[in-house]
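Read-outs: derived from the displayed coordinates by stated rules, not from any lab. Quick caveat: nothing in here was measured; it's all calculated off a predicted structure. Please note: Cβ atoms are built from the backbone with ideal geometry, for glycine as well, and neighbour counts cover all protein chains shown.
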Amino acid sequence: MAESSLRGSLTLRVLFVALLLLALDALACYSLASHFVNLAYDRWLIDDTRSLAQALEVSGGRVRVDLPRVALQIFEFDEVDTTYYRVTTRREGTIMASESQLPPAAGQPAFGDVSLANGTVDGKAVRIVVTRVDMPAANDVATIEVGETLNKRATLAREILLAMAAPQLALIVAALLFVWFAVGHGLRPLTSLAAAIEARGQANLTPVPELDLPHEARVLVSRINDLLARLERAMVAQRRFVADAAHQLRTPLATVLLHTERAERATDEESRNQALRSLHTSVARAARLSHQLLSLARAEPEAAATQALAPLDLGALARSIGEEWIPRALARGIDFGFLAPAQPVIIEGNVGQLDELMSNLIDNAIRYSPPHSAVTLSVSASPPTLHVEDDGPGIPEEDQERVFERFYRGSTSEGEGCGLGLAIVREIAIRHHAIARVKPGRGHGACFEVVFPPVSLRPASSAQQADAGALQA
């Protein structure tokens, strides 16, 4: 299928409209020409009828037509059309008629007036004029009918139509040529833009220049630049994810391979069991690292933007997620508490992403808190804020900003963390237009906060209210 051209498409549409207008104009011109042609020939036909009326005379009390044969031949002579006539009186009937008979008159005009009608003689359309003349000397009334075929009328109407249509057709052709060049000139910025984009390499994601473009093209270029910017961010995020995954999985996988070889080379049951336990620990660490890498990829702005935010109760969601971590905290001998206001704390959020955010904060607090300490998950309302406070070693002031960087582990960090949990927290917080920060907690511990923007005061839909009620339950 041939590719359509915008220039050709626009020109064809203009051509269609122009031809339609030309056809309508031709119809109007033909009607107008026919009207005036009929008007002129009707007047001549009326004059012929009145000429016959003037040839009437009364002789011996009877109406006669005083018309020499030569004059009648001149009256009948016409190279194009055929003339028919009939003169009748009330007393005597037809006193003069042509060889072919005219059809009966449809009506009788007043004395001295004429009536016009269309009829058929020998299968030919004719125009008929009828007039009545009062003959008081003969106590009689004469009716004169003259008919003529329509050949001259049709020929003259066609000639007038052709004479009017020829310059209009030339005008339309000139207009189409003007439209062709005008459309080409108007589309030149788009043509240049298409050529510039087509000439780009696949790796060139720089913005397309918007100078010297009409408004519609600037809107298009703006959307293209937005798309290029998102594509570049997605590609950067993909490259960073691949680099991070390759870098971070290298060590756990090497450790798995090492412990596997140790288990294969073990000569006694105790050595084999120890190698298998170490292998299990390394596999678990690699699995956690893989999970957090995938969570980080899902929290990237381009991926997270596909997940819609909706009103939800932050307190109810925190309570639901916190309950899932109680067994883990009890297993480590940690007192896990929860505080939230009685009234709902409504924010705009995504349940899945917030689950990941809270789980990372709670896991981080439990992982770095010593046994028999306390971890508290709390929610406050003004502004909507999530707190996770622990009794761990705390975070030095110089590390409080850097702990949210990928793979960064502070000088006081101990344990098997991979340095991705807090990076995931920050990415999800940014997606929710929230602020993630850390400050000193009770004792030597740390308190992580995520401050959400307040929701604008607007009535929630019934579905949103039902979701909030389900979370509260």
How many angstrom lie between the Cα centre of the range 369-406 and the Cα centre of the range 18-40? 89 Å
With labels modelled as points extended 7 Å from the Cα through the Cβ direction, what inter-label distance (nm, one decimal) is found for A174 paired with N273? 10.6 nm
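How large is the dipole of the range 6-158 about the Cα centre if only Lys and Arg carry +1 and Asp and Glu carry -1, each at its Cβ, rounded to the nearest 20 debye?
Numbers: 16 positive and 18 negative charges, 117 e Å.
Charge dipole, the range 6-158, about its Cα centre: 560 debye, nearest 20.
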Between E401 and A234, 0.36 nm times their residue separation minus their Cα-Cα distance comes to what? 57.6 nm
Output wanted: per-residue J couplings in Hz (rounded whole) for the range 325-330, from phi through Karplus 6.51 cos²θ - 1.76 cosθ + 1.60, θ = phi - 60°, x for Gly and Pro. 9, 4, x, 5, 5, 5
What number results when the radius of gyration of the range 1-80, computed over Cα atoms, is divided by 2.2 N^0.38 Å? 2.36
Rounded to whole angstroms and listed largest first, the alpha-carbon spread of the range 6-158 along its three principal axes comes to 87, 31, 23
In sequence order, what are the phi-derived ³J(HN,Hα) couplings for the range 94-99 according to the Karplus relation 6.51 cos²θ - 1.76 cosθ + 1.60 with θ = phi - 60°, rounded to whole Hz, with x for glycine and proline? 6, 10, 6, 7, 6, 5
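If I stretch the segment between A203 and F16 completely, what's the gain in nm (0.36 nm per residue apart, minus their alpha carbon distance), one decimal? Don't skip to the answer; put the middle values down first.
On the way: separation 187, 0.36 × 187 = 67.32 nm, distance 4.35 nm.
Extra length available between A203 and F16 comes to 63.0 nm.
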Length gained when the stretch R62-V80 is fully extended (0.36 nm per residue, less Cα-Cα span): 2.9 nm
Stokes-Einstein D for the range 151-225, Kirkwood Rh over Cα pairs, 25 °C, 0.890 mPa s (µm²/s): 150 µm²/s
Quickly work out the L330-to-R437 label distance, labels modelled 7 Å from Cα along the C-beta direction, and quote it in nm with one decimal. 3.7 nm
Pseudo-spin-label distance N225 to L24, built 7 Å along Cα→Cβ, given in nm, is 4.3 nm
